[in-house]
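Contents: one structure, followed by commentary.
Every number in this text was worked out from the coordinates using simple rules, so none of it is lab data. Everything quoted here is computed from the prediction, not taken from an experiment. Heads up, the Cβs are rebuilt from the backbone with ideal geometry, glycines too, and the neighbour counts pull from every protein chain shown.
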């Protein structure tokens, strides 16, 4: 038995702790083998429990996979919202959001492979969980764009989808390329590129003046000033 989730077989744990243990073991197996090649026998062995114990918590491999996928997609949406809420400075919001995506991709658990490289997207519920994650990230970004620019919701959402897409694609490329530059440098480069685009949108009437920031007819630069 190996990995940080290795347990002593037979140890009694509270139900919530056992569930966390099982999800951790399942993550290791699903990340390494994908959904189709993973076996419940191996997950139970990795967790240090019997198969009946595993099935008490998750009736099927599909249920286990969905629970794990929901956990990690929720983490990414929460990280995005936390990054956006971390400052009222729009330039720093962009930087924090890009840093959050890169940090998620760079996690030692490699849980991003479940989210962005799933081999089970043919399942409608899996596809719905992934779509919900994409919508959640985009909605969080769109809310800030709409609030600060006054753009219609549909336009703000389109811009948000673009920003989230930049984050996803560049962060995944960075890992696939073998992390050729430090994560902080990579995230900062992508943030700079993104800011040069979204920072060009004028702020909504009254948004800048209320905080002593540029007027609405000036470019959307936030409190950070020029890039």
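Tabulated values for the structure
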| item | result |
| --- | --- |
| Spin-label model distance (nm) - residue 158 vs residue 63, 7 Å beyond Cα toward Cβ | 4.4 |
| Relative contact order, percent, the chain [alpha-carbon distance under 8 Å, six or more residues apart] | 19 |
| Label corresponding to Cα extents along the principal axes in Å when calculated from the structure given, among [x] 44, 39, 37; [y] 49, 38, 34; [z] 66, 34, 33 | [z] |
